[in-house]
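Okay, so here's the structure we're looking at.
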Amino acid sequence: MNTDEAEREFVEFVQGNLTNLYAVAFRVCGNRHLAEDLLQESLAKMWKGWPSKRNQEGAPLKGWAYRIIQNAATDLHRKKTSRLTGKNKTPVSEIPWDDERGGQIPGSSETSEEAIFRDTARDLWAAVATLDPVQQTLIHLLYVEQLSLNAACRVAGLKWTTASRYHVDALALLREIIGDDE
């Protein structure tokens, strides 16, 4: 296959999945501008690997793309940690991110229910961020993209039993972190 065809396929993949790819980037960093930079960097990495990845039979391209975004976020965390401490001693969970999810848009008024919902969502995604990258991907596929477990398995490139185990373990960990009051 020639370069023009590979480029066309890549552009089609990105255009068809841009919203979901951006959602993953935003979910892992919580900042609109940082998510845009993270996505741009990830798309450049995806393009480099596109010729070999697209030629693999049944290659789960969305799962591969999500993994690249998560790895880029991890690299960014490490760089930020190194700058903050001079060494890699601070755990990722303790690094302060410029979190826009909890901030209010200037000029808007928030009811108490909206504020509670925002706080709960922020706490939930903070808990999801502590999970294994495979568990994070499954949670995103199942609850954000609302795929079935079978479809999520195909996207993530996992066997059904493995995905099911990761899903059950992820939910148990989230219940421990957040609490199961309800």
Practice problem: Please indicate, with yes or no, whether at least one residue in region 60-69 is within 28 Å of R122 (Cα to Cα), assigned to a helix (DSSP H, G or I), at pLDDT below 85 and β-branched (V, I, T). | Solution: no
Quiz prompt | Hits in region 125-146 (condition: under 12 Å from V28 (Cα atoms) and part of a helix (DSSP H, G or I)) | solution = W125, A126, A127, V128, P133, Q136, T137, H140
Quiz item: Of all residues in region 147-167, how many are assigned to a helix (DSSP H, G or I) and farther than 11 Å from P60 by Cβ?
Solution: 10
Quiz item: Pairs, please: C-beta under 7 Å, at least 6 apart or cross-chain, first residue without any contact (Cβ under 8 Å) to a residue 24 or more places away in the chain and in region 145-159, second among the polar types (S, T, N, Q)?
Solution: L149/S164
Practice problem: Identify all residues within region 158-182 that are open to solvent by less than 50 Å² (accessible area, probe 1.4 Å) and of a type outside the set (A, V, I, L, M); write none if there are none. | Solution: T162, S164, H167, G179
Quiz item: When you go through (1) loosely packed, with under 14 Cβ neighbours inside 10 Å; (2) in contact (Cβ under 8 Å) with a residue 60 or more places away in the chain; (3) of a type outside the set (S, T, N, Q) one by one for D4, which number turns out not to apply?
Solution: (2)
Practice problem: Select from region 120-157 the residues that are touching a Phe, Trp or Tyr at 6+ places or on another chain (Cβ under 9 Å) and of a type in the set (G, A, S) and write down the one among them that is least open to solvent (accessible area, probe 1.4 Å). | Solution: A156
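The values are calculated or read from the model by the stated rules, or taken from the named source; none is laboratory data. Treat the numbers as computed from the prediction; the structure is a model and nothing was measured. Neighbour counts run over all protein chains shown; Cβ positions are idealised from the backbone, glycine included. These accessible areas exclude ligands, DNA and RNA; they are computed on the full protein's heavy atoms, side chains included. Shrake-Rupley method; radii C 1.70, N 1.55, O 1.52, S 1.80 Å.
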